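S.K.: Right, I'll just put the structure down here and ask away after.
The values are calculated or read from the model by the stated rules, or taken from the named source; none is laboratory data. The structure presented is a predicted model; accordingly, all values stated were derived computationally and were not measured. Every residue, glycine as well, gets a Cβ built from its backbone with ideal geometry; the counts of neighbours run over all protein chains shown.
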Amino acid sequence: MKPDTVPESQVELVSYPAKPYQIFVLAHWIAQCLTYRQPTLLWITEWDIWPSSENWHVYYTIRRSQGDLRLLNEAPGHFFLGHESEEMATFLQIAMLNGWGGYILTEANYVNAFFSHDEFIKFFADIEENLSEVRETAKLRFSK
């Protein structure tokens, strides 16, 4: 279920970091900390919004390296096992830098997220205190 369709969800909005190299730091933190090293679905739902910023070559090169030859519109979801957090961080970084949007849906279901082509991420949780780490980390590491 998309976390932004659950009316009682708690939400924390975080803007993308100001410096492009910090996008990897944010993607890596999400892949390492929010997933609790459990399976996670990275579901890309927005692309072709900012075509001039999209690097399709890099995306498909990485996808091929994972043995997947399908196009994004054929298979927009990427399922990562708990030990594949580095791969997830890379795919998320590329998606963010390409100006795409989508969902990060964790099996842990502690915190899930929607990342937007408008350069922000909304983190969702059923319990308000689950977002405390998101708030702290965002304030310390990703504030503009």
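S.K.: Looking at N130, N98 in this structure, which one is over 21 Å from P17 (Cα atoms) and either in contact with a helix residue (DSSP H, G or I) (Cβ under 8 Å, 6 or more places away or on another chain) or polar (S, T, N, Q) (or both)? Give the derivation first.
M.R.: Working: N98 fails: over 21 Å from P17 (Cα atoms).
One residue alone meets the criteria, N130.
S.K.: For region 74-98: of the residues being free of Cβ contacts under 8 Å to residues at least 12 places away in the same chain and surrounded by fewer than 19 Cβ atoms within 10 Å (Cβ to Cβ), which is nearest to H28 (Cα to Cα)? Can you show your working first?
M.R.: First, the residues of region 74-98 that are free of Cβ contacts under 8 Å to residues at least 12 places away in the same chain: 74-75, 84.
Of the ones still in play, those that are also surrounded by fewer than 19 Cβ atoms within 10 Å (Cβ to Cβ) are 74-75.
On the way: E74: 26, A75: 23 Å.
Top of the filtered list is A75.
S.K.: Hey, another quick one. Given the residues E54, E12, E8, which is the only one that is over 12 Å from the mean Cα position of the chain (by Cα), farther than 19 Å from M96 by Cα and of a type in the set (D, E)?
M.R.: Values: E54 fails: farther than 19 Å from M96 by Cα; E12 fails: farther than 19 Å from M96 by Cα.
So the residue among E54, E12, E8 that is over 12 Å from the mean Cα position of the chain (by Cα), farther than 19 Å from M96 by Cα and of a type in the set (D, E) is E8.
S.K.: So which residues in region 39-50 are at pLDDT 95 or above and out of contact with any strand residue (DSSP E or B) (no Cβ under 6 Å at 6 or more places or on another chain)?
M.R.: Here is the first cut: in region 39-50, the residues at pLDDT 95 or above are 39-49.
Those that are at pLDDT 95 or above and out of contact with any strand residue (DSSP E or B) (no Cβ under 6 Å at 6 or more places or on another chain): P39, W47, D48, I49.
S.K.: Might you check whether a residue that is in a helix (DSSP H, G or I) and more than 16 Å from F123 (Cα to Cα) occurs anywhere in region 38-52? Outline the logic, then answer.
M.R.: In the first step, residues of region 38-52 are kept if they are in a helix (DSSP H, G or I); the result is 51-52.
If we keep only those that are more than 16 Å from F123 (Cα to Cα) too, we end up with 51-52.
For region 38-52, residues in a helix (DSSP H, G or I) and more than 16 Å from F123 (Cα to Cα): present.
S.K.: Quick one: count up the residues across region 1-49 that are surrounded by 14 or more Cβ atoms within 10 Å (Cβ to Cβ) and basic (K, R).
M.R.: Number of matching residues: 1.
S.K.: Mind checking which residues of region 112-144 are within 12 Å of W29 (Cβ to Cβ) and modelled with pLDDT of 95 or more? Full working, then the answer.
M.R.: We begin by selecting, within region 112-144, every residue within 12 Å of W29 (Cβ to Cβ); these are 113, 121, 123, 133-134, 136-138, 140-142.
A113, I121, F123 - these are the residues of region 112-144 that are within 12 Å of W29 (Cβ to Cβ) and modelled with pLDDT of 95 or more.
S.K.: Still on this structure, please answer the following. Scanning for something buried (at least 17 other Cβ atoms within 10 Å of the Cβ), under 27 Å from N55 (Cβ atoms), in contact with a Lys or Arg (Cβ under 7 Å, 6 or more places away or on another chain) and of a type outside the set (V, I, T), does region 126-144 turn up at least one residue?
M.R.: Checking region 126-144: not a single residue is buried (at least 17 other Cβ atoms within 10 Å of the Cβ), under 27 Å from N55 (Cβ atoms), in contact with a Lys or Arg (Cβ under 7 Å, 6 or more places away or on another chain) and of a type outside the set (V, I, T).
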